[in-house]
Amino acid sequence: MQKKIPGGKSVHFARNILFPFIVICNKHMFQIKATAHITFLYNKNRFKYLDRTIEYIKDHPYHTDIYIHTNQYFRHKVFPDLNIIVHELPENPFYLTWKYRPIIEKQKDNYDIFMYLEDDIGIPKKAIEYWLKYKDECLRSGMNLGFLRVDRNSADGLYYVTDFKKKLKKTITINGMSYVINNINPYVAFWIYDKKEFNRFIQSEEWKFNLKGYSIRATSAIGWNSPKSKRYKHTIIPLINNSIIDDCKVYHLPNNYIGHRKFCKYTIEQIKK
């Protein structure tokens, strides 16, 4: 179902049929089809974050169809190819973050990569390349490849891990590669899976939001990565020369956790004990 806005793009409400395409990346031909779904509770003051979130996705090493789930239609002049999906706002507006799931589930056979993210998360190209490089080895071992969400401190120019109150201690070796175990908080306000893993995810209880211990929005954005789920043994991050690989970081664009009494205490270099 869709509604045509005069002078604008079609606004999709529930259905969308997607077709394969070919993209050229690094002078090689790939048949990679990716979808990214973003929840945007309409607020003019947050377009500055949404726009940067989209810019990061546009820089990924493959083409991504971007779906914005919102409660008010808008026409984006810079990114006219966005799929704007308008939902009736729930009584509790945070439940807007749950509305994308029936739609992305219908896309399960149409894409190779599936991603959900909040509207203020910058996922750089290096983080995607990092995921593509290490995810399969982790999955073969029953592990989840982790990321670290960071805020930038304008005072010193350094990035601080957003979601940690203490340092990581435990490590594990898999096929000669060392990883640090994130047994503190794997939440990074987004998730990303390949087709095989996504199709397993949508069969799980967590897909139906049967997950305790998280807020409404976090229940959506934690994906299958919660230690409360039984999918993964651990969330792990590679170590290079006993240091956490820098490419695992994704950006919390508002940087508003800087100065928080509990969070943003350690840089990535400091987070491993």
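Axis of helix 47-58 versus longest Cα principal axis of the chain: the two differ by about 80°, to the nearest ten degrees. Residue-wise HN-Hα couplings along the stretch 250-258, as the Karplus relation 6.51 cos²θ - 1.76 cosθ + 1.60 with θ = phi - 60° gives them from phi, are 10, 9, 8, 5, x, 6, 8, 8, 4 Hz; Gly and Pro carry x. Remark: LEU117, LEU82 ranked as LEU82, LEU117, counting other beta-carbon atoms within 10 Å and listing the fewest first. Net length available on complete extension from ILE216 to LYS195 is 5.0 nm, with 0.36 nm assigned per residue and the Cα-Cα distance removed. Build a GNM of the chain with springs between Cα atoms under 10 Å: which of ALA189, ALA155, ALA36 gets the top mean-square fluctuation? Sorting by GNM fluctuation, first place goes to ALA155. For the chain, the antiparallel share of DSSP beta bridges with both residues in that region comes to about 50%.
Multiplying the residue separation of GLU129 and LYS106 by 0.36 nm and subtracting their alpha-carbon distance yields 5.6 nm. As a rough footprinting exposure proxy, the listed residues LEU148, LEU211 were ranked by other beta carbons within 10 Å of their own, and the order from fewest upward is LEU211, LEU148.
Helix-only arithmetic for the chain: the sum of -39500 (n - 2.57) across DSSP H runs with n ≥ 4, divided by the residue total, places the mean residue ellipticity at 222 nm at -5000 deg cm²/dmol.
Across the chain, Cα pairs under 8 Å and at least six residues apart give a relative contact order of 21 percent. Remark: the Cα gyration tensor places the stretch 134-249 in the oblate category, a/c being 1.5 or greater and a/b not exceeding b/c. Angle of helix 125-140 to the longest C-alpha principal axis of the chain, folded into 0 to 90 degrees and rounded to 10: 70°.
Since every read-out is calculated from the coordinates, none of them should be taken as a lab result. Because the structure is a prediction, the values reported are computed rather than measured. When we count neighbours, we look across all protein chains shown, and the Cβ atoms used for this are built from the backbone with ideal geometry, even at glycine.
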